[in-house]
Every structure is written in structure tokens, then in C-alpha cells.
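Bear in mind these aren't lab numbers, they're just calculated from the coordinates by the rules spelled out. Everything quoted here is computed from the prediction, not taken from an experiment. Quick reminder, even Gly has a Cβ in these numbers, built from the backbone with ideal geometry, and neighbours come from all protein chains shown.
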Amino acid sequence: MYSSVISKIEKAHRYAREPERIKFQAFSASFQGSHDEYTVTLSDTGWHCSCHTFETHLAGTCSHIMAIQHILGGMLPDNARYDPVEVQAVN
Ligand SMILES: [Zn+2]
């Protein structure tokens with residue numbers, strides 16, 4: 001029993017050093033911006049942010065989403081990652 005728990009802990013430590021094993025399928029967080037707190041979500045329909053920029057610029061992204069994309073990096077599915085080329089094309 002005890003050795004079984006230890007082997008699980010050791011495996012967890014190994015997994016924790018291999019974040020590429022993890023892919024967020026959905027995500028929700030509050031984000032304290034410079035002026036207000038926003039809600040950033042990732043779902044089947046893509047990213048969403050409650051900030052004014054996201055709602056009005058129709059670029060499908062904003063600085064809050066981009067920051068989270070940087071933090072989560074390879075733990076995001078390919079179609080949810082930060083893509084500066086695509087962002088430049090929209091702007
Ligand atoms: Zn935003």
C-alpha cells in the first residue's frame with residue numbers, strides 16, 4: 001500500500017516535469033487587468049474575454065488572452081495557441 005503511494009508520487013513528479021503531456025480542453029480564469037477584472041475562457045468555440053477590446057475589435061484576441069496563451073504555451077491545443085502571424089494579419 002505505502003510503496004504504491006510512493007510510486008504514484010514519483011510518477012506525478014515526473015509528469016509535472018513534462019507539461020507537454022497536458023492539453024487544456026477548456027479553461028476559465030479571472031484576469032486582473034490595468035483597469036478592471038476580466039473573465040477569460042477557452043471552450044469549444046475558442047477564446048473569449050469580457051474586456052472592451054475583445055468585444056469591439058473582433059480580432060478574436062486581446063492582451064489578456066495573449067498573456068494566458070504565453071503562460072500555458074504547449075499545454076494548449078494547436079488551434080488555441082498564440083499565433084503572432086495570424087494576429088498581425090487581422091490587424
Ligand atoms: Zn481581454
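Taking Cα atoms, how many degrees apart are the long axis of helix 63-72 and the longest axis of the chain, rounded to 10 and kept between 0 and 90?
Roughly 20 degrees, rounded to the nearest 10.
Extending each Cα 7 Å along its Cβ direction at A67 and D44, get the distance between those two points in nm, one decimal.
3.0
Please give the helix 2-16 orientation as an angle from the longest Cα principal axis of the chain, in degrees from 0 to 90, rounded to the nearest 10.
The answer is roughly 30 degrees.
Using all Cα-Cα distances in the chain, what percent lands in each 5 angstrom bin from 0 up to the longest?
Pair shares across the bins are 3, 12, 20, 19, 15, 10, 7, 6, 5, 3, 1, 0.
Got a sec? How would Y82, Y15, Y2, Y38 order by Cβ neighbour count within 10 Å, fewest to most?
Y2, Y15, Y82, Y38
What percent of all Cα-Cα pairs in region 1-50 falls in each 5 Å bin, counting up from 0?
Taking all Cα pairs of region 1-50, the binned fractions are 5, 16, 14, 12, 12, 13, 11, 8, 6, 2, 0 percent.
Please give the peptides 47-53, 24-30 ranked by average Cβ packing (other Cβ atoms within 10 Å per residue), highest first, as a rough proxy for protection.
47-53, 24-30
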